[in-house]
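One structure is given here, and the rest of the page talks about it.
Throughout, read-outs are computed from the coordinates displayed, never taken from laboratory work. Quick caveat: nothing in here was measured; it's all calculated off a predicted structure. Positions of Cβ are backbone-derived with ideal geometry, glycine not excepted, and every protein chain shown enters the neighbour counts.
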Amino acid sequence: MNAKGTIRLSTNEFVSALALSGYSELASQVFNDLQLIKHEKEWERFVQQTEQLLSQKVT
């Protein structure tokens, strides 16, 4: 967080936050509109990276 109290998120972090907050339809729309995930393998990698980042921030 910087001095102004803003939080900066990558697009993937933003979409993850939307999905985890119950806004999965909006998260899905962002993914589709920005074509962030094109193949199943990319989705699996995204989920794994998100899980790792969340576990690091929690512990």
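Residue check: F31 meets all listed conditions (1) more than 9 Å from the chain's Cα centre (by Cα); (2) not in a helix (DSSP H, G or I) but one, namely (2).
Would you please name the residue that is surrounded by the most Cβ atoms within 10 Å (Cβ to Cβ), looking only at residues in region 40-50 that are in contact (Cβ under 8 Å) with a residue 12 or more places away in the chain and of a type outside the set (V, I, T)? Checked region 40-50; the qualifying residue surrounded by the most Cβ atoms within 10 Å (Cβ to Cβ) is F46. Residues in region 11-31 that are of a type in the set (V, I, T) and surrounded by 14 or more Cβ atoms within 10 Å (Cβ to Cβ) were compared, and the one that is nearest to T50 (Cα to Cα) is V15. Against the list (1) touching a residue at least 40 places away in the same chain (Cβ under 8 Å); (2) exposed (fewer than 10 other Cβ atoms within 10 Å of the Cβ), the condition L53 fails is (2).
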